1. Among the residues that make up the stretch B:171-180, is at least one of them of a type in the set (Asp, Glu) and out of contact with any Gly (no Cβ under 8 Å at 6 or more places or on another chain)?
2. In the stretch A:1-22, which residues are hydrophobic (A, V, I, L, M, F, W, C) and farther than 22 Å from residue B:103 by Cβ?
3. Just one of (1) surrounded by fewer than 21 Cβ atoms within 10 Å (Cβ to Cβ); (2) modelled with pLDDT under 75 trips up residue A:188, so point out which.
4. Which ones in the stretch B:327-349 are within 11 Å of chain A (Cβ to nearest Cβ) and open to solvent by 30 Å² or more (accessible area, probe 1.4 Å)?
5. With respect to the numbered conditions (1) within 16 Å of the chain's Cα centre (by Cα); (2) open to solvent by 20 Å² or more (accessible area, probe 1.4 Å), which one is the sole condition not fulfilled by residue B:189?
6. Scan the stretch B:208-222 and tell me whether some residue there is open to solvent by 30 Å² or more (accessible area, probe 1.4 Å) and among the hydroxyl-bearing types (Ser, Thr, Tyr).
7. Out of the stretch B:115-171, which residues are closer than 20 Å to residue B:86 by Cα, more than 14 Å from chain A (Cβ to nearest Cβ), open to solvent by less than 10 Å² (accessible area, probe 1.4 Å) and touching a residue at least 40 places away in the same chain (Cβ under 8 Å)?
8. Does the stretch B:8-34 hold any residues that are closer than 11 Å to residue B:156 by Cα and open to solvent by 20 Å² or more (accessible area, probe 1.4 Å), and which are they?
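The values are calculated or read from the model by the stated rules, or taken from the named source; none is laboratory data. None of the values given here were measured: they were computed from a predicted structure. Glycine gets a Cβ as well: all are built from the backbone with ideal geometry, and neighbour counts include every protein chain shown. Accessible surface areas use protein heavy atoms only, side chains included; no ligands, DNA or RNA. Shrake-Rupley method; radii C 1.70, N 1.55, O 1.52, S 1.80 Å.
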Amino acid sequence: MTPVLDHMLAMGVLPDTPRSAHLSPVKLDTTALPGGSVVMLLFVGSDDEPRYVLRMPRTPEHPERLVCNFSSLEVLSGISELRSDVPDPVFCGHVDGTLASVETCVPGLPMALRMRIARDEGDLQELVRLFQLMADWIWELHQTTATPDAASDAAEEVRALDAIVQLQETGMLSEPQASWLTGVARSAGCRARAISRIHGDFNPNNALIADHDRIYVIDWEFSRPGWPLYDLFTLARTAWFDPPGGTGPSATRAQALWDPRTAMGQAFTRAISRYEALVGMDRADMRALFGVYVARLVVEQLAQRAAWMPRLEEEWRSLVAVAVQA
Amino acid sequence: MASQYACPLCRAPLRQRAEGYLCEPCSRTYPLNDGIADFSTREHYWNHLSPDQMDFMLEITRSHGYRYAAENILGKFKDPELVRYVLGTNRADFRTVVPLTPQSSVADLGAGWGAVACGLAPHCHSVMAMDTNPYTLRFLSMRAEQEGFANLHPLRIDPLDDGRLPFADASFDLVIMNGVLEYVGSATQTGSPAEVQLRCLAECRRVLRPDGSLVVGIENRFGYLYFLGTRDHSGLRYTSLMPRPMAELVARIRKGQPYRTYTYSYGGYRHLLARAGFRPPSVFLAVPNYRDPRFIVPADDDRAITYLVRRYASYLRRRSWRLVAQALFGHTPASLCGAMARALSDSFLLVAEPAR
């Protein structure tokens, strides 16, 4: 075993795990971007299923995400409606000089795996059903953690406005587009009642599906107080499934998402209609707010030099085109 | 650092001088070139790029940074996949399953472009990144400087075939050979490659502390891709699967060269390491391979292998692969799943301690 695991056993930080137990670590596939974590499943003794998930930061000087994940789990495990849907936080601290956190391993498989092999109309219907389940879960998260907080609301607005300015400077946004998006970002702000804890990276890799309709949400590394719509937008953008024959009647994915004639468009529309009343915005403004969200995403990815930036850039241009058209 | 350097020829401690390191018994000075200690005693060049291309690459690395140079120069000269190979930080993810602590002193043998050395540097006390190629060492030196790794020290050595590391006995907690052992034997033309590899492993054992560990990332001789026609290190198909004399014959006929890039099976590596004076190793399966280890699974843990295989086999993108995987692993007993994975895995990570 590794020094970290040896010390964890010696410190007795793993509940129901004797100090003499054998721990078997399995390193999982996770993003290799700086600031992320290396994630391992821990099998204990002769268990057939992993019992714990161990995380260690990729770079010791950036432990923020790992700590954020753990502290978010601590908060969520104190909310009775959500505690069974997220891993239990077990331990976070330095072990033999190395920062590590441990949480319980939840069952299920990422929705992303189902998307990966989806091929036909039946698969699409199943993905739409799962999308709705996940959108409902985001609503539940919002309902149980909503805290009117003007400071967090203002912080979200500042981030959005910064992103717009930065994109304008890089030439990815024209002057009229920028001023229009700025207006939307400002009107979306000042609605502190729509602030709640958000996941921050609610994509199909982080939603595990078990027993057909049971959802477990993992990887709370980007969690913070924010506009819950951002989780929904992330889900919509990443859980997209091209129906057989492409994007159906719409030319692009971005258009199809807002097109009620597509199955995903219907599911998405149903999900955002709950928030329209909450933040007092109409559909056109919501669409523009989606543009603001993508602007922020583009700026974040530009900073990280993500390999999939070109794809996102293409998506961004398509989205702006759709928003302007509206 | 000078205190632990030893003459690669006579192993006497070296004295630091302004111009390099002096071995008094041999009256030989090992120079410092661009701040990189050069302990090589013979010329040897192996790299993806030619010296001219490397000169250009280094110029861009100096002016625009190593990442820019890798993305924009390396990708143009060579396969863009090489960029990922050079910059990928997850290549050093094996650190999570080996005995590495913030106090560890590490030797990275065959450091190449520095993906492993730079991946380990933030997590240990020091990394000695050794290679034969002065150009990649300069790239690595600039990369370390640009990343701010003051604990990463590149140095030039002779090919590992010679078994001459410029360090005193018991200098390191961890010796890494990631994608290197298979090439040991190809820089010399005398002696069986297996014997040359044994000599190299014995040298690794010498510089390891008694409680240290050797970490080897390497292909499985019988990896499933070889059965599907992937070329092995000789550049030929199926030679890895053949008996050595037959591989030798085929290599001489097809390439006019001897077959000197030996890899082994799961059992073969255990045997090789035992012969070199190591205790039975902990073996991990690196999936899809040790160069990009997205998953690292203990090779002797049948239930962990079965758990992962069953979990992901149903979600392989290609339907035909999915059906084959489900048929093979769906209802197979865990022990058989484990045995198949060990036999056919693309590559292994071996962690071995010196025998007492």
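1. Kept after step one, since they are of a type in the set (Asp, Glu), are these residues of the stretch B:171-180: B:173.
Checking the rest, the ones that are also out of contact with any Gly (no Cβ under 8 Å at 6 or more places or on another chain) come to none.
No, the stretch B:171-180 contains no residue that is of a type in the set (Asp, Glu) and out of contact with any Gly (no Cβ under 8 Å at 6 or more places or on another chain).
2. Of the residues in the stretch A:1-22, the ones hydrophobic (A, V, I, L, M, F, W, C) are A:1, A:4-5, A:8-11, A:13-14, A:21.
A:14, A:21, listed by residue number.
3. (1)
4. Correct list: B:334 only.
5. (1) is the only condition that residue B:189 fails.
6. Taking the stretch B:208-222 and keeping what is open to solvent by 30 Å² or more (accessible area, probe 1.4 Å), we get B:209-211, B:221-222.
With among the hydroxyl-bearing types (Ser, Thr, Tyr) added as a condition, the list becomes none.
No; the residues of the stretch B:208-222 include none that is open to solvent by 30 Å² or more (accessible area, probe 1.4 Å) and among the hydroxyl-bearing types (Ser, Thr, Tyr).
7. Passing the criteria: B:128, B:133, B:136, B:137, B:139, B:143, B:155.
8. Scanning the stretch B:8-34 gives B:31, B:32, B:33.
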